[in-house]
Structure formats: structure tokens, C-alpha cells
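Structure first, then comments.
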Amino acid sequence: MAPIWKGSISFGLVNIPVELAAAVRADNISFRMLDAETGSPVKYERVRASDGSPVPWEEIVKGFEYAKGQYIVLTEEDFKKAALESSKTIDICDFVDAKEIDPRFFETPYFMLPSKGGERGYALLREAMREGDVVGIGKIIMRKNQHLAGIHVVGEALVLELMRFSAAVVDASQYTFPPATAARPQERKMAVQLVKSMQAHFDAEKYTDDYRANLMRIIKARSKGKPITFDAPPPDTADGKVLDLMSMLKQSLTKKSGTPKTAARKTTARKTTTKKARKSA
């Protein structure tokens, strides 16, 4: 893939030439709007809200609605005045503990690739960041827009993630959340057991988009003129009723460990084995 951006990372007096390359790809299924009768693709038109008449591109300007129905029109000259001077350097302002950053700040990831001659500096920065377990925070200008950016170590790569500025992140204090005391001690103990029983190593291949897979099955079958059927979905248990948490926790733990009798047999077998081991000793 062609690089999206070329420039350098700067921290202190060290300057490392790098390139940005895509780290994720779009995986959605694209659809076109069609006329139901003829199957002809439907185009979108720019029309006046007042009378529905079309407006050519050259007659369109950009306006900011500062009050209901009241707009301030900005010209191309206004945008030029506000634009920042183009820069090809990502200046790292701070190195911070990754645990201190709210995940909501992170948006789009890119691989940072060392440009020719930058391999040694790239490795040096990566290993220093790995040892400190930190994220580099800086700013980058891409496509005339300034972004906050976080640089992480991922394996042997440095990954830059575009970040949201604080104004774009909603403060949690605007909502009300239940306190820790809302969870009863016994329920909490069983919930911890259930969480531990479900712990596993993260394997991205394990999680698939079932909706996308179903759509593709329908599209492929229809393209071949074949019918397709799906199994009936499992019943939805989320009916909005307040459930007995303790009962649900017990059922969940039983389901994870087997039936109560089986679990009891396992416990008895362990005790018997332990007693025999003690006698042998």
C-alpha cells in the first residue's frame, strides 16, 4: 500500500524519518440505492430546502448555524486564514502512562514505517518506549486538519493513532452511574468467580461479524438463483424485567462448571485424592 503521509517523528533533538501506512481496512458491505421499479441507480441531488430546486456546486457556500435558522457564511479566504502551516513533523510533547488515557480518545490507527536511514532511530525510540511502557503524545497535520496523536508500541511496530481532542469527549459526570455499594458482597463474589471462569487470551480470529456473514450468504445464493434459509434465532431473554441476580449468577456458574452433581463429584474426587496423598506422605 502507498504511504498516506511522509515526514518524521521528533522527540527532544532526535528526528526520525517515517511514513504512515493503513493499519485497518473497511470491512463493510457497500450498497447502491436503486429505483424499485426499474433497478436504475438513484443519484443524490443538492436541492434548496425552501423549494426543492437543484443548486449547482458553484453556487454553494459554507455556513455555520449560530442560532436557529441564522447562519454565518465563511469564504475560502476565511478557511485559508484559519489554516495551520503545513508541517511534516510529529513533535512528541509528552510520554505518558498508557493506563492514564481514556480509550474514548483513540480513533484511527496507522502503522509508522521507518523511512530509509531511519531504522536505527526508529528501533531506539520503540525500545525506549517499550521499556518505559509509555505512549507518545503529539500533534500531526493530515489533509489540512490538525489531529492529536498517540504513538504506541505494538510488537515490533510503532502505531500512531489519531486521537480526539478533549472537547469531543463527553464527560462522564453528565450521566449517573450506580455506586460500588449497589453490588451486594455475595453477588460480587460470585460475579468475580464467573468472570474468572470466562477469562481467555484474546484471539481476534475468534470473533466474527455474523450479520455480515449472513448478508453475504444471501447475496451469493441470490446471485445463483438459489433459495436460502436460516435457523430460528435463540429466544431473546432481555425482556427488560428486573431479574434475580443471585439466581442468574448461580445458573451461569453451574453452566460453566457442569451440573451441580458433576461439580460435587469433582470436588469429592479432589478431596479423596488429597487424603490419599497425605496418607502416602
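The values are calculated or read from the model by the stated rules, or taken from the named source; none is laboratory data. If you're wondering where the values come from, they're calculated on a predicted model, not measured in any experiment. Positions of Cβ are generated from backbone atoms using ideal geometry, with glycine treated the same way; all protein chains shown enter the neighbour counts. With ligands, DNA and RNA removed, areas are computed over all heavy atoms of the protein, side chains included. Shrake-Rupley method; radii C 1.70, N 1.55, O 1.52, S 1.80 Å.
Structure summary
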item	result
Cβ-Cβ under 7 Å pairs, at least 6 apart or on other chains, the stretch 153-172 side surrounded by 12 or more Cβ atoms within 10 Å (Cβ to Cβ), far side β-branched (Val, Ile, Thr) and at pLDDT 95 or above	LEU158/ILE151; LEU160/ILE151
Residue within the stretch 158-166 that is in a helix (DSSP H, G or I) and of a type in the set (Ser, Thr, Tyr) present	yes
Residue in the stretch 66-90 that is modelled with the lowest pLDDT, counting only those that are in contact with a strand residue (DSSP E or B) (Cβ under 7 Å, 6 or more places away or on another chain) and open to solvent by less than 90 Å² (accessible area, probe 1.4 Å)	SER87
Residue pairs meeting the criteria (Cβ under 6 Å; at least 6 apart or on separate chains; first touching a residue at least 40 places away in the same chain (Cβ under 8 Å), in the stretch 1-13; second of a type outside the set (D, E, K, R) and open to solvent by 60 Å² or more (accessible area, probe 1.4 Å))	SER8/ASN15
Selection within the stretch 5-62 - in contact with a helix residue (DSSP H, G or I) (Cβ under 9 Å, 6 or more places away or on another chain), closer than 30 Å to GLY136 by Cα and assigned to a loop (DSSP other than H, G, I, E, B)	ASP27
Every residue from the stretch 149-184 that is of a type in the set (A, V, I, L, M), in contact with a Phe, Trp or Tyr (Cβ under 8 Å, 6 or more places away or on another chain) and within 15 Å of TRP5 (Cα to Cα)	LEU158, VAL159, LEU160, LEU162
Qualifying residue in the stretch 91-114 (condition: part of a loop (DSSP other than H, G, I, E, B), modelled with pLDDT under 95 and open to solvent by 70 Å² or more (accessible area, probe 1.4 Å))	no
Count - residues of the stretch 231-254 that are open to solvent by 80 Å² or more (accessible area, probe 1.4 Å) and modelled with pLDDT of 80 or more	2
Residue within the stretch 34-56 that is open to solvent by 60 Å² or more (accessible area, probe 1.4 Å), without any contact (Cβ under 8 Å) to a residue 24 or more places away in the chain and within 28 Å of GLU107 (Cα to Cα) present	no
